[in-house]
Amino acid sequence: MSYEILVGLNVLDELKYDQYRAAMKPILSDFEGHFGYDFKVSDVLISAGNTDINRVFTINFSSKNKMESFFSDRQYLDSKEKYFVDSVGSTTIISSYEKLP
């Protein structure tokens, strides 16, 4: 079993967001995580929140504990502060769930 999150973002600065992804991917790998799907979207027809979304992706971990450890890791938080904060206007966690093999 693994743990997956479905995320929607409003990316404001593509270049800086790409730098964030490059900086965090090795850390993500250290915590047995990876991206499953990744889409740039132009039209959101229905949204439960009042946030804009132009990027949707899944991020997968071998367990929920690995996910929690990743998101609280100091290296990850430093990368997030350096690149993510200024490049993304909003984040929407659409869903999270245990994924069967």
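Values quoted throughout were computed directly from the atomic coordinates according to the rules given, and no laboratory measurement underlies them. Just so we're clear, the structure is a prediction, and the values are computed from it rather than from any experiment. Heads up, the Cβs are rebuilt from the backbone with ideal geometry, glycines too, and the neighbour counts pull from every protein chain shown.
Here is how the numbers come out for the structure above:
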| quantity | calculated |
| --- | --- |
| FRET E, pair residue 43, residue 86, Förster distance 30 Å, beta-carbon r, rounded to 0.05 | 0.70 |
| Cross-link reach list, lysines versus residue 40, counting only Cα pairs under 19 Å and skipping chain neighbours closer than eight places | 16, 25 |
| Within the chain, helix-based [θ] at 222 nm, where runs of 4 or more DSSP H residues each add -39,500 (n - 2.57), nearest 500 | -9500 deg cm²/dmol |
| Eligible lysines near residue 64 by straight Cα distance, threshold 16 Å, same-chain separation 8 or greater | 99 |
| Cα-based radius of gyration of the chain once divided by 2.2 N^0.38 Å, which approximates compact folds | 1.06 |
| Net charge of Cβ neighbours under 9 Å - reference residue 55; Lys, Arg +1; Asp, Glu -1 | 0 |
| Rounded to the nearest 20 debye, dipole of the chain from Cβ charges on Lys, Arg, Asp, Glu | 120 debye |
| Table column - 3J(HN,Hα) (Hz), region 66-73, Karplus curve with 6.51, -1.76, 1.60, x for Gly and Pro | 5, 4, 4, 5, 4, 5, 9, 5 |
| Among 12, 45, 77, residue whose mean-square fluctuation peaks in a GNM of the chain (springs only between Cα atoms under 10 Å) | 45 |
